[in-house]
Amino acid sequence: MENHGIKYIFLGESLGGFVRGGYERYMETQRFKDGFKVLVEIAGKEVVALMCKERNIRYCHRRFIVRRLESLGIN
């Protein structure tokens, strides 16, 4: 991928999928906030694609991340 100008940055340890208690609740933790800060910094400089292995978009956690990004004016 890097040969084509694409970087892969893994943020799953802080922004990853299923968490006990629900993802919205998890978004209030420092772990999420730290990972989200990194994502915002990258999105301010680069085009970002959020990846997930969830097959059904209805259950994908990315919708919560995208809403938070959009609330900051990041598309």
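Laboratory data are not the source of any read-out in this text; all were calculated from the coordinates shown. The model shown is predicted, which means the values in this text are computed figures rather than measured ones. Reconstructed Cβ throughout: ideal geometry from the backbone, glycine too, with neighbour counts over all protein chains shown.
Some values worked out for this structure:
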{"read-out": "Total residues in the range 60-75, condition of a type in the set (A, V, I, L, M) and under 11 Å from the mean Cα position of the chain (by Cα)", "value": "3"}
{"read-out": "Pick from the range 53-75, criterion of a type in the set (A, V, I, L, M) and closer than 20 Å to residue 38 by Cα, ranking: surrounded by the fewest Cβ atoms within 10 Å (Cβ to Cβ)", "value": "72"}
{"read-out": "Residue match in the range 52-59 (condition: within 13 Å of the chain's Cα centre (by Cα), of a type in the set (Phe, Trp, Tyr) and on the phi < 0 side of the Ramachandran plot)", "value": "no"}
